[in-house]
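For reference, the structure is listed below as structure tokens.
The values are calculated or read from the model by the stated rules, or taken from the named source; none is laboratory data. Small disclaimer: the values here were computed from a predicted structure and weren't measured. Cβ sites come from the backbone with ideal geometry, for glycine too, and all protein chains shown count toward neighbours.
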Amino acid sequence: MIVNDLEIFKEYVSSYDLNDINIERKFYHSIRVRNNAKEIAESLNLTNDDVSLASFIGLTHDIGRFLQWKVYGTFADTKSIDHALLSVQVLFGKDYKCGFNISDVDANVIRVAIYNHNKYKVQDDVTKRELLFANIVRDADKVDLLYLLGEEDIPINEDGSEVTSVIHDAFMRHESITITECKAKTDYVLVKLAFVFDLNFVKSFEIVDREKLLDKFYDNLKYKDKYKKYYLYAKEFIEKRKNADSSYKMFIE
């Protein structure tokens, strides 16, 4: 168990300019992902220590974002640095003093989970325990990204273009989609709708449904007619998955 993680995190972030809307958004994103991860971990009946560990990983998964913005002035990894790698470096590097008391027992689980949280899929050479926590934080993060897409003050880059066939086919196969496959602005919207296809736990689907995150995202779109069938398809997927078996023994045996 990592003691006082929230207080230490707040102290670390206080060294950055919280009056900057970009820093402020990442701060509150981190808090919400922490809460999501905690709720998911509790739904799996993990031990109190493991719930605490999942919460900590959720809280610090983007800790490198603050330094990324300060140094590079962008959150675009392609124009700066992989923020997941930077987050691992901030937590474990000798040059950074975050103040977290991370035990050797938990260290590699934290490294693996945070490094893999923004990847297309989790790397193959991980233990079941590492996979469990990696998937918890990946779910917690995507749930909050859907929340952010429903916020009215965050513009969504879209136009009236047609969805390309490759993106359409991948979406209908319930596949998550990489940005590199996108050709039109409309494709990028489907990338975000497809976040639901990469969720792992019943609780994640329950949160999306309970908070009406997909509905708010859809309501925030300008060209709704382009996305209605995809929105409804994703909604149907959520409904089926939130009523599925919640044990997920493959992660915890």
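Applying the set (1) touching an Asp or Glu at 6+ places or on another chain (Cβ under 8 Å); (2) at positive phi to His174 leaves exactly one unmet item: (1). Within the range 148-159, the presence of a residue that is surrounded by 21 or more Cβ atoms within 10 Å (Cβ to Cβ) and not assigned by TED's automatic domain parsing to the domain that holds Ile40 is excluded. The single condition from (1) over 21 Å from Ala140 (Cα atoms); (2) surrounded by 18 or more Cβ atoms within 10 Å (Cβ to Cβ) that Asn116 fails is (1).
Within the range 217-226, count every residue that is in contact (Cβ under 8 Å) with a residue 40 or more places away in the chain, assigned to a helix (DSSP H, G or I) and buried (at least 16 other Cβ atoms within 10 Å of the Cβ). Don't jump to the end; show me each part of the working.
We begin by selecting, within the range 217-226, every residue in contact (Cβ under 8 Å) with a residue 40 or more places away in the chain; these are 217, 219-223, 226.
If we keep only those that are assigned to a helix (DSSP H, G or I) as well, we get 217, 219, 226.
Now restrict to residues that are buried (at least 16 other Cβ atoms within 10 Å of the Cβ): 217, 226.
Qualifying residue count for the region: 2.
State all residues of the range 73-95 that are under 23 Å from Ser14 (Cβ atoms) and surrounded by fewer than 15 Cβ atoms within 10 Å (Cβ to Cβ); if no residue qualifies, say none. The answer is Gly73, Thr74, Gly93, Lys94, Asp95.
Just name the residue that is surrounded by the most Cβ atoms within 10 Å (Cβ to Cβ) out of those in the range 161-205 that are in contact with a helix residue (DSSP H, G or I) (Cβ under 8 Å, 6 or more places away or on another chain), assigned to a helix (DSSP H, G or I) and acidic (Asp, Glu). By that ranking, first place goes to Asp187.
Residues in the range 130-160 that are part of a helix (DSSP H, G or I) and free of Cβ contacts under 8 Å to residues at least 60 places away in the same chain: Glu130, Ala134, Leu145.
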